[in-house]
Amino acid sequence: MSFIIIYITFPNVSESKRICNILLEKRIIACFNYFPIKAASWWTGKIEECDETVAIVKTRKENWKKVVEETKKLHPYKIPCIMKINVESNKEYDSWVKKETR
């Protein structure tokens, strides 16, 4: 198991694509998936509901801090959701992620 997936929320599809494409161009991540979600949370003292976009990015374990730093620098949210998830995959996919990232 040499890679992780990172779950990141964004206010919309365009922000998700913009930031994740920068991560791709820098080869910090191998790929990403994005999709719309509905979200609810406590924010400024009350429960807020909104539409968001989630991106799931795949990268090497050692790129975790790079993804966090770069995402926080570019992200429009004051407190972005950036969560690391350890995963296991088939050997071929694991090798591909390793090959496509630095």
Tally of residues being buried (at least 16 other Cβ atoms within 10 Å of the Cβ), in contact (Cβ under 8 Å) with a residue 60 or more places away in the chain and either within 14 Å of Glu15 (Cα to Cα) or in contact with a Cys (Cβ under 9 Å, 6 or more places away or on another chain) (or both) across the stretch 57-79: 2
Does the stretch 83-96 include one or more residues that are hydrophobic (A, V, I, L, M, F, W, C), assigned to a strand (DSSP E or B) and at pLDDT below 95? no
Of the residues that sit in the stretch 1-16 and are part of a helix (DSSP H, G or I) and over 12 Å from the mean Cα position of the chain (by Cα), which one is surrounded by the fewest Cβ atoms within 10 Å (Cβ to Cβ)? Ser14
Go through (1) loosely packed, with under 14 Cβ neighbours inside 10 Å; (2) touching a residue at least 40 places away in the same chain (Cβ under 8 Å); (3) assigned to a strand (DSSP E or B) for Glu48 and report which single condition fails. (2)
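The values are calculated or read from the model by the stated rules, or taken from the named source; none is laboratory data. Keep in mind the model is a prediction, meaning the values are calculated, not measured. Neighbour counts are summed over all protein chains in view; Cβ atoms, including those assigned to glycine, are modelled from backbone coordinates with ideal geometry.
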